[in-house]
1. Quick one: which strands (runs of 3 or more DSSP E) lie wholly within the range 384-486 and hold at least 2 residues that are open to solvent by less than 20 Å² (accessible area, probe 1.4 Å) and within 12 Å of the ligand (Cβ to nearest atom)?
2. Does GLY357 satisfy the condition of being closer than 15 Å to VAL344 by Cα, of a type outside the set (S, T, N, Q), buried (at least 18 other Cβ atoms within 10 Å of the Cβ) and within 13 Å of the ligand (Cβ to nearest atom)?
3. Does LEU490 satisfy the criteria of being over 30 Å from PRO48 (Cβ atoms), more than 15 Å from the ligand (Cβ to nearest atom) and buried (at least 23 other Cβ atoms within 10 Å of the Cβ)?
4. With (1) open to solvent by less than 10 Å² (accessible area, probe 1.4 Å); (2) closer than 20 Å to LYS18 by Cβ as the list, and LEU162 as the residue in question, which single condition is left unmet?
5. Can you list residue pairs whose Cβ atoms sit under 7 Å apart, with the first residue in the range 256-279 being of a type in the set (Gly, Ala, Ser) and the second being open to solvent by less than 20 Å² (accessible area, probe 1.4 Å)? Count only pairs 6 or more apart in sequence or on different chains.
6. Given the residues SER258, SER214, SER246, SER229, which is the only one that is touching a Pro at 6+ places or on another chain (Cβ under 6 Å) and under 24 Å from ASN27 (Cβ atoms)?
7. Among the numbered conditions (1) within 15 Å of the ligand (Cβ to nearest atom); (2) within 16 Å of TYR526 (Cβ to Cβ); (3) surrounded by fewer than 16 Cβ atoms within 10 Å (Cβ to Cβ), tell me where ILE345 comes up short.
Amino acid sequence: MQRKYVVITGGVLSGLGKGIALASIGNILSKDYKVIPIKCDGYLNVDPGTMNPTEHGEVFVLDDGGEVDMDFGHYERFLGVNCKSDWNLTMGKVFREIRIKERRGDYLGQTVQMIPHVSNFIKNHFIKIGEESKTEIVLIEIGGTVGDMENELYLDAVKNLLQVVGKENVVYIHLTYVPIPYGVDEQKSKPTQQSISLLRQKGIEPDIIIARCSEMLNKNVRNKIAKSSSLDTEKVITGIDVNDVSKIPLVFEEQGISQLLARKLNIPIKPDLHTWGELIEKRENPKKEITIAIAGKYTNLEDSYASIIEALNHCASHFSVKINLKWIDTSNENEVDLTEVSGVIVPGGFGSRGTEGKIKVIEYCRENKLPLLGICYGLQMMVIEFARNVCELKDANTTEVNPNAEHPVIHILESQKNISEKGGTMRLGSYLAKIKENTKVHALYNSTEVSERHRHRYEVNQNYHEILQENGLIFSGMSPDNTLVEFIELKDHPYFVATQAHPELKSSLLKPAPLFSGLIKAAIEYKF
Ligand code: GLN
């Protein structure tokens, strides 16, 4: 089969969910074909690793250590693939490569220009990734909305892709918005029509329009949109607002998207969304209800913790339980109220703000036997709390917060000491841990070897390993060379478990992350 490309562009507004839409299409296709995603971001950062998560959402980390856009979380969860960092193009990466090529002399004698050189570079990158990954279908998401200056070159590249690979091998999908203004109470197609017209000016004829709307599009509006893009009405489908993004593959398939794609790409597609649908059904009809608190400092933007929320959703399906989230902003210590809560997560984080609040939360959980899962910075805070209150090492801290702490129980990794550049230099990506038998972590993973993804600079200081363990902290998982604490737990506590890794990044609806399952199981037992 010739390789196929499914391209999605966006119009009218940003944030309509192009990533979810394309991941959902990928989910439908992935039953029959090997599908991989490419995401193109317009910004000049090389990767999102240096951006504040409250602006761009969480930084997603891949097995290979790539720090990529959070949409890769959706792609991995929906497609069941392990993505690679060069599948996330940014203008920062593109220009870095162009500059290297120019200095090397690849363009000798030429004036290097946006078009054709940069545009061709991008187009060739799409083709190269398809070849290297030996994939059958490449999904390409162009970030931003049509008309943004940042994304012009990506649009030019996907337009030219058609000439190289042929019309029957590319499908262009345009995602737009149909508002229903207050007082007018009518679906309005004009913004979508204008956006399609803008897309056509760029030389791209859409094959399918997905219009986001709070209700199903009526026939009249679909007709109008179809006319403006010279399409049949059936090619205009509704991206209806849902309370759970996992429903989108089902929403699209109900409207026949797989057959639209099959006809355009000339391939058979027989999606099977049965198990997926059943799992969603289970969390839609929960048997129980619990509240889990997330104690962090970025609580004003839930996207900062997107993968944690998803991992909890996966557990909600498997345990058929409704999980209410309670956000606790630990930079405001007065906010800490854990009554009504059956389990707590202390997520990853950086810097000093909110750390004392987290330590307070941890102390409460330890003393009241409230189930607690610590992730990355969460593990470090749990070690600090344990050092201070159980080992009686007053002033125990991480050198990230207090470089002069009397007891630096958390300190910088040896390998990080001489690093001064900030971009892409943390301990990143998948690392193996050896798991001790007869521990909760072992029971949950059912394995003595576990590989999870990491993103950190600090670790538990080896000078304190002995005293922490003597006082009862169990190091349930260590790096293979026995130097780095990867998992901890307590014996006489229903669930006081933490990891230096980010297990939420590999959780999926079909296979929830074991440490999250452990937390939810313990939280249900705590409450009932
Ligand atoms: N700030 C901590 C470190 O760098 C934890 C990082 C994290 O939670 N991702 O080690």
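1. 449-456, 458-460
2. Here the answer is no, as GLY357 does not meet what is asked.
3. The answer is no for LEU490.
4. (1)
5. SER258/ILE28; SER258/ILE269; ALA262/ILE269
6. SER258 is the lone residue from the list that is touching a Pro at 6+ places or on another chain (Cβ under 6 Å) and under 24 Å from ASN27 (Cβ atoms).
7. With respect to (1) within 15 Å of the ligand (Cβ to nearest atom); (2) within 16 Å of TYR526 (Cβ to Cβ); (3) surrounded by fewer than 16 Cβ atoms within 10 Å (Cβ to Cβ), ILE345 is out only on (3).
Yes/no matrix, rows are residues, columns are (1) assigned to a helix (DSSP H, G or I); (2) surrounded by 21 or more Cβ atoms within 10 Å (Cβ to Cβ); (3) among the aromatic types (Phe, Trp, Tyr):
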site	(1), (2), (3)
PRO37	no, yes, no
THR54	yes, no, no
TYR75	yes, yes, yes
VAL81	no, no, no
GLU97	yes, no, no
ILE100	yes, no, no
PRO116	yes, no, no
SER119	yes, yes, no
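The values are calculated or read from the model by the stated rules, or taken from the named source; none is laboratory data. No experiment lies behind these values; they were computed from the predicted model shown. In this analysis, Cβ positions are derived from the backbone assuming ideal geometry, glycine residues included, and neighbour counts consider all displayed protein chains. Side chains included, ligands, DNA and RNA excluded: accessible areas come from the protein's heavy atoms. Shrake-Rupley method; radii C 1.70, N 1.55, O 1.52, S 1.80 Å.
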